[in-house]
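Notes for the one structure printed next.
The values are calculated or read from the model by the stated rules, or taken from the named source; none is laboratory data. Predicted, not measured: the structure shown is a model, and the values here were computed from it. With ideal geometry, Cβ positions are generated from the backbone for all residues, glycine too; neighbour counts draw on all protein chains shown. Heads up: the accessible areas ignore ligands, DNA and RNA and are worked out on the full protein's heavy atoms, side chains in. Shrake-Rupley method; radii C 1.70, N 1.55, O 1.52, S 1.80 Å.
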Amino acid sequence: MKVYINGTIYDKHDAKISVFDHGLLYGDGVFEGIRSYGGKVFRLQQHLDRLWDSAKALWLEIPIGKEQMGRDIYSMLKTNGIDDGYVRVVVTRGCGTLGLGPDRCHDPQVIIIADTIALYPKEFYEKGLTIVTVSTLRNHPAALSPRIKSLNYLNNILAKIEGIQAGCIEALMLNHKGEVAECTGDNIFLVHKGCVLTPPNEAGILEGITRDAVMTLAREAGYEMRVTPLTKHDVYIADECFLTGTAAEVVPVVKVDSRPIGDGRPGPVTRQLMQRFHEMARSEQREGPANRGRGQS
Ligand code: PMP
């Protein structure tokens, strides 16, 4: 496997950055997880926009342009011979002194790793996940906005540890107001009396790109789509629950805090949206700069 660092292609084992990089020392940097389906990068522009927004919030200037980044992502997929895969883009603050100061770092590192994708086991999609609500609250948005996809994922990792200890692969996080925020690496949706519900940005969540796509699909399928604050109670009494994320796509949840959701099996709305998402991801027009204007590929 080949890895990209600042425009140079390295063998996997030679792809290294400095121990003085503030990405390592302080989690100072940003990243994106992106999917490619049949050689097409899914929602490339949205991922690039979110990466640039995250960097801006951290006062971090990405040393290449979005067009260039898009081309380089496609070229790394090609270099590694990957059609259906997962691309991790990382931009670190770069090397500085051992002090915090980002102003002393002048060489941000741009890393692109294009790999195959390890999906959740098929069983999870067929039978649904069991999750728990954990005590680790999602970061207060006024302290560290969950809208920044930064290299500091400790908030999510602390929640993930609680989930693992409870024997669950995902864990539900509440915000400082006790409202439902999101899971450690996925957004959450409920279905209640025919309405599809998901928490708003103000609940302190990452604005998921899969979430955005699924909201559109739900509306197109004729469901009322409500972006509204939710509580644990709403989760417990929901007819259906599912999670969305780049790696997970759409995955049903059938039990939360030992309460079966609905009849304890993946519901019809979830199954329909899983199917629609699957079809859309594999049929969307390639939006990579290398192919712009050439229509469906
Ligand atoms: N929330 C968090 C905390 C995430 O890390 C992710 C990304 N894995 C998501 C939600 C889902 O976002 P997306 O659909 O853009 O992958």
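Among DSSP beta bridges whose residues both lie in the chain, state the antiparallel percentage, nearest 5. Don't skip to the answer; put the middle values down first.
Working: 45 of 54 bridges.
So the antiparallel bridges in the chain amount to around 85 percent.
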To the nearest 0.05, what FRET efficiency results for residue 164 and residue 9 with a Förster distance of 30 Å applied to their C-beta separation?
0.25
Gaussian network model of the chain, Cα springs within a sub-10 Å range: biggest mean-square fluctuation belongs to which of 256, 41, 91?
256
Any idea how far apart residue 284 and residue 104 come out in nm if each label point goes 7 Å out from Cα toward Cβ?
4.2 nm
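In the chain, what is the volume of the convex hull around the alpha carbon atoms, normalised per residue and reported in Å³? Spell out each step's value before the answer.
Details: hull volume 39.4 nm³, N = 297.
Considering the Cα atoms of the chain, their hull volume per residue is 133 Å³.
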Report, to the nearest 10°, how far helix 44-57 tilts away from the longest principal axis of the Cα atoms in the chain, using its own Cα long axis and a range of 0 to 90°.
70 degrees
Compute from the Cα atoms of region 2-117 the Rg and the Dmax, the latter being the longest Cα-Cα distance, and quote both in angstrom.
14.0, 44
Check which residues have an amide H placed less than 5 Å from residue 206's amide H, if you skip close sequence neighbours.
none
Using θ = phi - 60° and the Karplus relation 6.51 cos²θ - 1.76 cosθ + 1.60, list the HN-Hα couplings for region 79-92 in order, rounded to whole Hz, with x at every Gly or Pro.
4, 8, x, 10, 9, 9, x, 10, 10, 9, 9, 10, 10, 9
What lysines sit close enough to residue 66 to cross-link, taking a C-alpha to C-alpha distance under 26 Å and skipping anything fewer than 8 places away on the same chain?
2, 12, 16, 40, 56, 78, 149
For region 250-259, Karplus couplings with θ = phi - 60° (6.51, -1.76, 1.60), whole Hz, Gly/Pro x:
10, 10, x, 10, 10, 8, 10, 6, 6, 8
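Going by a ≥ b ≥ c, the root eigenvalues of the Cα gyration tensor, does region 143-208 fall in the rounded group (a/c under 1.5), the prolate group (a/b larger than b/c) or the oblate group?
Numbers: a/c = 2.01, a/b = 1.23, b/c = 1.64.
Oblate shape, in that a/c is at least 1.5 and b/c is the bigger or equal ratio.
What is region 183-260 by shape, rounded, prolate or oblate, if you read a ≥ b ≥ c off the alpha carbon gyration tensor as root eigenvalues and call it rounded for a/c under 1.5, prolate for a/b larger than b/c, and oblate otherwise?
rounded
Going through region 1-110, which GluC sites (Glu not before Pro) have at most 13 other Cβ atoms within 10 Å and a DSSP loop state? Working shown, then result.
On the way: sites: 32, 61, 67; in loops: 61.
Answer by residue number: 61.
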What's the longest uninterrupted piece of the chain once you rule out the trypsin sites (Lys or Arg not before Pro) that are loop residues per DSSP with at most 12 other Cβ within 10 Å?
17-192
5 angstrom amide H check on residue 41, placed H, neighbours 5+ away
287, 288
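When the dipole is taken about the Cα centre of region 122-282, and only Lys, Arg (+1) and Asp, Glu (-1) are charged at their Cβ, what size is it in debye, to the nearest 20? Walk me through the numbers on the way to the answer.
Numbers: 18 positive and 19 negative charges, 14 e Å.
Using Cβ point charges on Lys, Arg, Asp and Glu, region 122-282 gives about 60 debye.
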Given backbone amide H placed at 1.01 Å from N, residues whose amide H is under 5 Å from that of residue 240, ignoring those fewer than 5 places away on the same chain, are 191
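Just to confirm the filter: which chymotrypsin sites (Phe, Trp or Tyr not before Pro) across region 36-104 are DSSP coil and have at most 16 other Cβ within 10 angstrom of their Cβ? Could the numbers behind the result be given before it?
Numbers: sites: 37, 42, 52, 59, 74, 86; in loops: 42, 59.
Filter output for region 36-104: 59.
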Quickly work out the residue 122-to-residue 201 label distance, labels modelled 7 Å from Cα along the C-beta direction, and quote it in nm with one decimal.
4.0 nm
Report the relative contact order of the chain, percent, no decimals, based on alpha-carbon pairs under 8 angstrom and at least 6 residues apart.
18 percent
When the chain is modelled as a GNM with alpha-carbon springs shorter than 10 Å, which of 207, 162, 126 fluctuates the most?
126
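Round to a whole number: what % of the accessible area of region 1-136 belongs to carbon and sulfur, probe 1.4 Å?
Values: 3600 of 6680 Å².
C and S atoms contribute 54 percent here.
Size of the dipole of region 59-141 about the Cα centre, Lys and Arg at +1 and Asp and Glu at -1 on the beta carbon, nothing else charged, in debye to 20?
Values: 9 positive and 10 negative charges, 39 e Å.
Approximately 180 debye in magnitude.
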Phi to ³J(HN,Hα) by Karplus 6.51 cos²θ - 1.76 cosθ + 1.60 over region 188-197, Hz, x for Gly, Pro
10, 10, 10, 10, 9, 6, x, 9, 9, 10
